[in-house]
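FYI, it's all coordinate maths here, none of it is from the lab. In this text the structure is predicted, and so the values were computed from the model without any measurement. Note that we place each Cβ from the backbone using ideal geometry, even for glycine, and neighbour counts take in every protein chain shown.
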Amino acid sequence: MDTFSSDTSVTKRTAEWYEVPEDSIPSAVENLVEFWPKSFNIYNFIIENLKLSREFGKTKVQLYRNKQNGLLIATIKGGYRRASIYSSINDYSGIEVALRDERIINFSKGAVLFCAVKMDCYEVLENICPSLGKSIIHHYPGIFDLFWLRAEVAKSINVECPEDMYFSKLEEVHTDIVNSTWQYGSSETFEMVNDLIKFMDTVGLYTKKDSQLVAWVLNTNYGIGMLYTIEGHRKKGYGTLVLKKLAKILGQSGRNSTLVTLQENLAAKAVFSKIGFEFIEPVMYREIANN
């Protein structure tokens, strides 16, 4: 029998979830520190998106908690449609209710990207989505490895800029090149990339001779990403250099860093480990939408 077939059942199961008041989100997030590094991804997801929301107001961060098992779902509504799920005990029961309740996750306005989904959580989503009338979209195929870098390690990183180069933040004029070279960039992501450049921490490496931008990296609202080096300037260590510089900037302000790379990207993972990043676990990025 379908447990969601009666209004009474729906009301009862929906009552298991409650929205954390906006002014209580910071303290709720601090409770996640106890479970680092496993909980760091959703911690960073909430903190960085709260910052972005305060800066330009196009999005709203909402946090929902399941009363029965403490399962957390953080959602970003407005300009970007994203969600992050975390359970300290790997108990995802009740998630089907959240996926049905448009007050928690509203699929009527389009697909929602679920960020850094743990493998056991993905298995649950894969099993329940068909019965909920939802599809999992493999827009970001593959399995990613999730890493983090502690602030106390990052702030001591040695960064030496070549004499003929200099570091500087990215400017809005760089939005097009960053978006067009990003693996997942499109016309739909242009505005998001522009906002990240305007409001988030970024590092660009420029030539002193003509101020040409040759490499860059951004601290996005999901972690460090969009790392790129212009063709013709590769194999000189510039990508590693801007990554180290950004991690150091974050570390000096007391912030840990996080990033992901495809599991098969052994070269990138070797660089991350050399810098001081620690592996957390494999994760997936998947969009979910109504059928």
**Fill in**
With the label point 7 Å along the Cα-to-beta-carbon line of residue 164 and a cut-off under 20 Å to each amide N, the hits in segment 230-269 are 230-242
**Message:** Sort 57-70, 234-247, 216-229, 16-29 by the packing proxy (mean of other Cβ within 10 Å over each peptide's residues), most packed first.
**Reply:** 216-229, 234-247, 57-70, 16-29
**Fill in**
For the table 208/269; 198/244; 60/269; 60/155, the rows whose alpha-carbon distance is greater than 23 Å are 208/269; 60/269; 60/155
**Estimated FRET transfer efficiency when R0 is 22 angstrom, pair residue 55-residue 103 (beta carbons, to 0.05)** = 0.30
**Message:** What does the charge count around residue 263 come to, taking other residues whose C-beta lies under 10 Å from its C-beta (Lys +1, Arg +1, Asp -1, Glu -1)?
**Reply:** -1
**Request:** Two decimals is fine: what's Rg over Rh for segment 151-255, C-alpha atoms, Kirkwood radius as Rh?
**Result:** 0.95
**Acute angle (nearest 10 degrees) that the helix 40-56 long axis makes with the longest principal axis of the chain, alpha-carbon atoms** = 80 degrees
**Request:** Per residue, how big is the convex hull around the C-alpha atoms of the chain? Give it to me in cubic angstrom, could you?
**Result:** 131 Å³
**Asked** For helix 238-252, what angle does its Cα long axis make with the longest principal axis of the chain, in degrees from 0 to 90 and rounded to 10?
**Response** 60 degrees
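What's the magnitude of the charge dipole for segment 48-188 around its Cα centre, counting Lys and Arg as +1 and Asp and Glu as -1 at the beta-carbon? Answer in Debye, nearest 20.
880 debye
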**Message:** With +1 assigned to the C-beta of every Lys and Arg and -1 to the C-beta of every Asp and Glu, and no other charges, what is the dipole magnitude of the chain about the Cα centre in debye, to the nearest 20?
**Reply:** 460 debye
**Message:** Cut-off 18 Å, label point 7 angstrom out along Cα-to-Cβ of residue 28: give me the residues of segment 95-123 whose amide nitrogen falls inside.
**Reply:** 95-106, 115
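Can you tell me the relative contact order of segment 151-255? Whole percent, Cα pairs under 8 Å, sequence separation 6 or more.
34 percent
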**Request:** For residue 38, go through the aspartates and glutamates and keep the ones whose alpha-carbon is under 19 Å away, minus same-chain ones fewer than eight residues off.
**Result:** 30, 48, 91, 120, 123, 145, 152, 278, 281
**Asked** Considering only 83, 143, 233, whose Cα is most displaced toward the positive end of the charge dipole of the chain, charges sitting on Cβ of Lys, Arg (+1) and Asp, Glu (-1)?
**Response** 233
**For segment 151-255, with +1 on Lys and Arg beta carbons and -1 on Asp and Glu, the positive-most of 173, 214, 183 along the dipole** = 214
**Prompt:** For segment 106-129 and segment 44-103, what is the separation of their C-alpha centers, rounded to whole Å?
**Reply:** 12 Å
**Request:** May I ask you to derive the FRET efficiency for residue 267 and residue 190 from their Cβ-Cβ distance with R0 = 22 Å, giving the value to the nearest 0.05?
**Result:** 0.15
**Prompt:** Which distance in nm do the two modelled labels at residue 91 and residue 16 give, with both placed 7 Å along the Cα-to-Cβ direction?
**Reply:** 1.0 nm
**Prompt:** What angle, in degrees between 0 and 90 and rounded to the nearest 10, separates the Cα long axis of helix 266-275 from the longest principal axis of the Cα atoms of the chain?
**Reply:** 70 degrees
**Request:** Compare 115, 129, 161 in a GNM of the chain, Cα atoms joined below 10 Å, and give the one with the largest fluctuation.
**Result:** 161
**Message:** At R0 = 41 Å, how high is the FRET efficiency between residue 274 and residue 199 if r is their beta carbon distance? Nearest 0.05 is fine.
**Reply:** 0.85
